[in-house]
Structures are given as structure tokens and as C-alpha cells.
1. Quick check on segment B:207-221. Is at least one of its residues without any contact (Cβ under 8 Å) to a residue 24 or more places away in the chain, surrounded by fewer than 19 Cβ atoms within 10 Å (Cβ to Cβ) and of a type in the set (Lys, Arg)?
2. With the structure loaded, tell me whether A:ILE58 is hydrophobic (A, V, I, L, M, F, W, C) and within 15 Å of A:GLY130 (Cα to Cα) or whether it fails that test.
3. Pick out, from segment B:6-93, the strands (runs of 3 or more DSSP E) lying fully within it that include 2 or more residues that are over 22 Å from B:ALA197 (Cβ atoms) and at pLDDT below 95.
4. Being farther than 27 Å from A:ILE254 by Cα and not in a helix (DSSP H, G or I) is true for just one of A:SER102, A:SER125, A:SER134. Which residue is that?
5. Just wondering, is there one or more residues in segment A:297-308 that are assigned to a helix (DSSP H, G or I) and among the hydrophobic types (A, V, I, L, M, F, W, C)?
6. Which residues, taken from segment B:98-134, are outside any helix (DSSP H, G or I), of a type outside the set (Gly, Ala, Ser), open to solvent by less than 60 Å² (accessible area, probe 1.4 Å) and within 14 Å of chain A (Cβ to nearest Cβ)?
7. Just to be sure I understand, how many residues within segment A:191-208 are open to solvent by 10 Å² or more (accessible area, probe 1.4 Å) and either more than 26 Å from A:GLY231 (Cβ to Cβ) or within 13 Å of chain B (Cβ to nearest Cβ) (or both)?
Amino acid sequence: MGTQVSIFIQQIINGLKIGSVYALVALGYTMVYGIIRLINFAHGDFIMVGSYVLLYTIPIMVACGLPAWTAIILAVTACAAVGVTVEKVAYKPVREKGTKMSALITAIAMSLFLENLAQTVFGASPKPVGTIFSFPNLELAGIKLNGNTMLTIAIGVVMMIALQLFVKKTKMGKAMRAVSEDGEAAILMGINKNRTISITFAIGSALAAVASLMYCASYPQATPTLGSMLGLKAFIAAVLGGIGIIPGAMLGGIVVGLVESLTKAYIGTLTGGVITSAFSDAIVFGILIVVLIVKPSGILGKNVGEKV
Amino acid sequence: MLKVENLNVAYGSIHALHDISLTVNDGEVVSLIGANGAGKTTTLHTITGLKGAMSGTIEYDGTDLRKIEPSHIIKLGMAHVPEGRHVFTRMSVQENLEMGSFIMNDKAEIKKNMDMVYEYFPRLKERKKQLAGTLSGGEQQMLAMGRALMSNPKIVLMDEPSMGLSPLLVKEIFHIIKTLHDNGITVLLVEQNAKMALAVSDRAYVLETGTISMSGKASDLLRDDKVKKAYLGA
């Protein structure tokens, strides 16, 4: 019984770990959606960009005598630059001249472009990412806790609190909320809308870079398609929590992580082996379908009519 | 102070404003009255740059406003209270007012302005922690006006401040406009409630399907038979 409980707690912790990665990525989707009403399908691929930057810069940092995790500074910078560039070059012209649908298609195209570009530049085969951090394992009340896992969760929590403070307390954060709620009124207040959109993309992409660090700490491999499945699940998390709502993305990420982890662990025994853990992704996508049917505005979303 | 000349504006192939010319002098309350769809809101939107013009000039204190980014207009001392209030519903009353002084950095001055707004609208002070979305229509209108006053504007453009409000609140809103006038703030007022608008204005323009059909002293227009028949319901 003791080991059963211990295994259960391990699964919860694993769920929280992957859930905090989903949450950080979901934040990027939700912030961008909040401000320009666009699902940035290329957002998942920013994680991939981050992982390649880590792959190539960790050895350099280590050679300079710095800890490997300092590579995150370069990954954050690179991802923010990619995010802002994608917005300026691909989305802004379409947003100003085209329809919502053409912007959405542009986002899908951007995702495919980044994946294929990475495949051309880095090759299709997975490449090992160096060790990012090795935190000693802990033991708490007889339960063994993986140090790296706990650190990953901690980073996720710190990032979420920091973002929440930024959005609630700083002038720039308030400008972001203003533009996201009413762009025209925000302009009348003297807020530069385009600059605010750029900053939103920069922050969302920087969070994707941090997510890539957290992800690669557990699964140290960079591939051109690393971001597609991760991005899709984070997108589900954002919709589940209520797209456009920042706390919703955090909640959705954690829920999707927990569901995935617990499904993998228990679905086989619960269904007598009829449904195996290989179905865990199907169950996560099933959540999306159920949410879209039952409460399309998400857990924290309010049912409001389309703004005219 | 504000001088609009031969302004032409179109939405696609629909020509919304034809050769509009109007002036607002320092310290005046000028109203723009007319029926729904006459182009009143379009005129204000074009002045603050939310809508582009085809031709014409908009001069404000010697600056050509057509060359200014819409988000810079407020820095020139011009605030716009949009039609339908457009308060930030998911922000508190206080945060909405803070957004009104977004262009200012002097904390003491922001605080001073906020106290001034709370003096104009004591109801807002009682609700400063409340989300703007939970306010009544009248309170949201007060908030929208208060937010515009937060940047020390020299001129305030107000678009239909009385829309959808109870007669009592309409009176209160117009009383505030009068107080602003007494305090030397210039106001360009767009209203469907012509009677109330003319009562607080120095001068007025009547807009009819995109052209100015009449203009003059507000007191004269109040007595004009055509205005009476078309806009005052008498």
C-alpha cells in the first residue's frame, strides 16, 4: 500500500512537471490570442528553436567555465527575436490587410516553415542536448523526489508568478491588458499598440524558451518537430483554461499534465488492459473535444457573445 | 484651437463626410448635433486619427493632426471619450484612471489628477477597487470622462455621453460638462440629445448626411424653427 501511494505521488509530481512546461507554453498562446485574437500555431516551434539554441550554446557556456543553464539567456534572447520577427514580417501585414482566416493560415504556414527550415539546417535526426542541471534527489516522508523534476516545477511556478506580477503591477503589463481588452481605447490613452504587440510576442516567446529548458532537462533531445506535439497540447491547455485568460493557461497546463501522467500510469489497469497508456494523447485530445462541446469558453472563461 | 477644413472621409465606396469645416476656440463648448448616421462619430474619429481622411486639413494648436500617430494625439493635450464608453471592463476603476494618465510619469501629478476626478465624480471614489465591468452605464460614462481628464487635456472630445442613460444621469453628465467649461476646459461634444447639448454649448454645428447644414450660436439654434422641428421635437 505504501508503495502504491508513493507511486501515485510520483505520478502527480511527474504530471506537475510536464504540466508546468505546458503551462508556460500555453501562456504564449493565450497572451498572443488575448492581444491580437490569433492562434499562433508557430508558437510550439519557438520551443524547438529554443532547444537548438541550448544544444549549440551549452558546450560554449561550459567551455567558458559557466554553468550549463546560463545558455538559457541566449535561448530567451533568440526566441524573443524569432517571435518578434515572425510577428512583424508574417502576421502584421496580414493582420492589417487580410481576414482573420488568412492570419490563421499564415500562422500554420509559419509553423511548417520553421519546422522545415530546422530540418534543412540541423538535419532530421534527433540530436542530444547536454546536461542542463543536475540537482540532487530529495527524500521527503519516505518518498524519493527527483531533484531535476522538483527544480523544473519550481522554475515553472516562479515564471508564472513573475508573469502575473508583471501583468498586474507594471505599466507595460497594464498596457498589455488594455490593448488586449480594447485596442482602440488603448490607443486613445496614448498606448503604442504595435509596440505592445511586439512586447507580448517577445514575452510569450521568451516563456517558450524557458519551457524548452525545462523540457530538455528531462528529455534532452532536439528534433525539428519537437514543438509540434508539445505546442498542440499546450494549445489544448490554453483552450481548456479559457483562451486569452492568463491564469486559465496556467490551470489548463497543470490539468493537461496531470491527466496525461495519470492516464499513462493507470489507464491500463483501470480498463483491464483494453485501453493502454499509448492512448494518453488521444485522451488529452478527447478533453479538447469535450471542452469545445460543453464549455467552449474554457474553465475560467465567461460565456460572452462575439464582440462587434 | 482646433480647425477642421474641407474634410472628406469615406468607408470604402461610401462617402461619409463631405467637405466638413468647423472650428473650436479656446475655452468653448461646441456641439455637433445630428441624426444617427450623419457622420458625427466619424468626424471625431478622424480628428483623433482612428479613421483616415481622404482630403482636408485638421489643425490643432498649429499642428497638422493628420500627420500625427493616433497614440500621440493625447500628448498634444487632446482627449477623446469614445461613444459607448469603452472603459476597460476587466480593470478596476482606479486602474482605468491610471490608464488615462498613461503618458504621464510624475506620480504626484497623477495622484493630484485622480483626486480631482474623484472630486468631479464622488461615486467613482466609492467604487475605486471595483471592476469597471460591474459598474452601471452611468458610472461607466463617468469613468470614461474621468479617465479622459487624467491626462490634463486642453480639449476633450466627447461622443454621445448621454447615450442610454436615465434622464437623471443625463442631467448629471451635462452638469459635469458645464463645470468643465467653467474650469476652462474646451469641449467638442457630439450629441443626439440636441436640447441638452445646445443648452450647455456656446456654438453648434448641425450635421446632416455628412455635410454641415447649419451652424451658429447655440442659443440661436435653440430658437431656430428648422432645428426645433428636426432635432428638438417641438
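1. yes
2. Working: hydrophobic (A, V, I, L, M, F, W, C): yes; within 15 Å of A:GLY130 (Cα to Cα): yes.
Answer is yes for this residue.
3. Numbers: elements: B:14-24, B:29-34, B:55-60, B:78-81.
Result: B:14-24.
4. Working: A:SER102 fails: not in a helix (DSSP H, G or I); A:SER134 fails: farther than 27 Å from A:ILE254 by Cα.
The conditions single out A:SER125.
5. Start the filter on segment A:297-308 by keeping residues that are assigned to a helix (DSSP H, G or I), which leaves none.
No; the residues of segment A:297-308 include none that is assigned to a helix (DSSP H, G or I) and among the hydrophobic types (A, V, I, L, M, F, W, C).
6. Initial filter on segment B:98-134 (outside any helix (DSSP H, G or I)): B:101-106, B:121, B:127-131.
Going one step further and asking which of them are of a type outside the set (Gly, Ala, Ser), we end up with B:102-106, B:121, B:127-131.
Cutting the leftovers down to open to solvent by less than 60 Å² (accessible area, probe 1.4 Å) gives us B:102-104, B:121.
Once the filter is applied, which keeps residues that are outside any helix (DSSP H, G or I), of a type outside the set (Gly, Ala, Ser), open to solvent by less than 60 Å² (accessible area, probe 1.4 Å) and within 14 Å of chain A (Cβ to nearest Cβ), segment B:98-134 yields B:PHE102, B:ILE103, B:MET104.
7. So the count comes out to 4.
Rundown of residues vs (1) part of a helix (DSSP H, G or I); (2) over 30 Å from A:LYS193 (Cβ atoms), yes/no style:
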| position | (1), (2) |
| --- | --- |
| A:LYS17 | yes, yes |
| A:TYR22 | yes, no |
| A:GLY28 | yes, no |
| A:ASN40 | no, no |
| A:LEU54 | yes, yes |
| A:ILE58 | yes, yes |
| A:LEU66 | no, yes |
| A:THR70 | yes, yes |
| A:TYR91 | yes, no |
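The values are calculated or read from the model by the stated rules, or taken from the named source; none is laboratory data. Values in this document were obtained by computation on a predicted structure and should not be read as measured data. FYI the Cβ positions are ideal-geometry reconstructions off the backbone, even for glycines, and counts take in every protein chain you see. Just so you know, the surface numbers come from the protein's heavy atoms only, side chains and all, with ligands and any DNA or RNA stripped out. Shrake-Rupley method; radii C 1.70, N 1.55, O 1.52, S 1.80 Å.
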